[in-house]
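Participant: Okay, handing you the structure first.
The values are calculated or read from the model by the stated rules, or taken from the named source; none is laboratory data. On a predicted model such as this, the values are computed, not experimentally measured, just so you know. Neighbour counts are summed over all protein chains in view; Cβ atoms, including those assigned to glycine, are modelled from backbone coordinates with ideal geometry. When the accessible area is computed, the model is the full protein with side chains, heavy atoms only, and any ligands, DNA or RNA have been set aside. Shrake-Rupley method; radii C 1.70, N 1.55, O 1.52, S 1.80 Å.
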Amino acid sequence: MGPAPVPESVAKQAELLKQDGNTFFKKDRLGAAIDAYTEAIALCPNVAVYWTNRALCFKKRNEWRKVEDDCRNALQLDNNSVKAHYMLGLALLDRQEFAEGIKQLEKSLELGRGAHPASYMVEEIWQELAKAKYSDWERASTKRLDALKKLEEACQNALRSYHCVDASDEAGLLEQISELKTVFRKAALVDIPSEVPDHLCCKITLDIYRDPVITPSGITYERAVLLEHLHKVGKFDPVTREALEPSQLVPNLAIKEAVQAFLSEHGWSYKMR
């Protein structure tokens, strides 16, 4: 059996305490906000938002272990909480659990895009996810390049040792070393930043697509940017000027898959401009 229902009067009291906490938070009185949310939790421990609101206070204080604990409690109550997945991801990254932290940020981004694709929260999550992904690539890239360098040196030493038997073939040694350098230079190319292909970039932002959608005109845009255009400028396609409603946008799954494949092989492209 689940927990006994909370009397309506107690639930109202808890909601008032949450509102007090929100007021304290906006005034940057974090201690008072934490106290208010803690009282709300004591009265109604089964309301996820009380836990995430308190976690947000702990986040501002960089008390990441407490952030993690509150977010895990929130997720037991609401596994679709964007803020809980997001802050849990940040807490895990803080203690260098990179794979799980990135997984939580990805889940948060997926849920956020489903609810409010153009919200500030989605942009904030993307920024943190991109930073984590870039750092993850950077660590892996450094290891790969170090390993390649050591392997190249070992191969060159082996060639020199082999040619010591016949010192007269100096030209042959130099040619093989040159070929060896070409091979290792090509192997390192995957970790050298270059340009993102144009077809993977939004025509408006010029950045790699995050959430591409296609219009009836057949043109692909970044969803959040196009939604902002439709809201602030007018309900028409920015390029063709044809009438366009938000309901007509369709996810461009082919481009989305191509972007994911490119990002997985070229982690440097997560770096923000």
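Participant: Hey, any idea what % of segment 187-273's accessible area is carbon plus sulfur with a 1.4 Å probe?
Facilitator: On the way: 2840 of 5030 Å².
With neighbouring chains kept in place, the figure for segment 187-273 is 57 percent.
Participant: Now for a separate question. Given only helices, namely DSSP H runs of n ≥ 4 each adding -39500 (n - 2.57), what is the per-residue ellipticity at 222 nm of the chain, to the nearest 500 deg cm²/dmol? If you can, show how the numbers build up before the last one.
Facilitator: Values: 10 runs with 177 residues, N = 273.
The helix contribution divided over the chain gives -22000 deg cm²/dmol.
Participant: Same structure again: Classify segment 1-126 as rounded, prolate or oblate, taking a ≥ b ≥ c as the square roots of the eigenvalues of its Cα gyration tensor: rounded when a/c is under 1.5, otherwise prolate if a/b is larger than b/c and oblate if not. It would help to have the intermediate numbers written out before the result.
Facilitator: On the way: a/c = 1.71, a/b = 1.47, b/c = 1.16.
Prolate is the answer for segment 1-126, as a/c is 1.5 or above and a/b outweighs b/c.
Participant: In debye, nearest 20: dipole of segment 91-170 around its Cα centre with unit charges on the Cβ of K, R (+) and D, E (-)? All intermediate terms of the calculation are to be shown ahead of the outcome.
Facilitator: Working: 12 positive and 16 negative charges, 50 e Å.
In debye, rounded to 20, segment 91-170 gives about 240.
Participant: Right, next: Taking a 1.4 Å probe, which of 65, 241, 54 shows the most accessible area, and what order do the others take after it? Spell out each step's value before the answer.
Facilitator: On the way: 65 135, 241 155, 54 35 Å².
Largest to smallest exposure gives the sequence 241, 65, 54.
Participant: Compute the long axis of helix 82-94 from its Cα atoms, compare it with the longest principal axis of the Cα atoms of the chain, and write down the angle in degrees, 0 to 90, nearest 10.
Facilitator: 50
Participant: Let me ask something additional. For segment 40-152, with all protein chains present and a 1.4 Å probe, just round the carbon and sulfur fraction of the accessible area to a whole percent. Each step should come with its number before you reach the end.
Facilitator: Details: 2910 of 5810 Å².
Heavy-atom surface of segment 40-152 belonging to carbon and sulfur, 1.4 Å probe: 50 percent.
Participant: As I understand it, the value is the acute angle between the Cα axis of helix 64-77 and the longest principal axis of the Cα atoms of the chain; what does it come to in degrees, rounded to 10?
Facilitator: Tilt relative to the chain: about 60 degrees.
Participant: Next question, about the same structure. How much area per residue is accessible in the chain when the probe is 1.4 Å and only protein heavy atoms are counted (Å²)? It would help to have the intermediate numbers written out before the result.
Facilitator: Values: 16160 Å² over 273 residues.
Each residue of the chain exposes 59 Å² on average to a 1.4 Å probe.
Participant: Here's a follow-up. What is the angle, in °, between the Cα long axis of helix 253-265 and the longest principal axis of the Cα atoms in the chain? Nearest 10 is fine, range 0 to 90.
Facilitator: Between the helix axis and the principal axis of the chain, the angle is about 60 degrees.
Participant: Sticking with this structure for a sec: Using Cα pairs closer than 8 Å and at least 6 residues apart in sequence, work out the relative contact order for the chain, in percent. It would help to have the intermediate numbers written out before the result.
Facilitator: Values: 296 pairs, mean separation 31.7, N = 273.
Averaging sequence separation for qualifying contacts and normalising by length gives 12 percent for the chain.
Participant: Could you give the distance between the Cα centres of segment 195-264 and segment 1-56, to the whole Å?
Facilitator: If we compute the Cα centre of each part, the gap is 40 Å.
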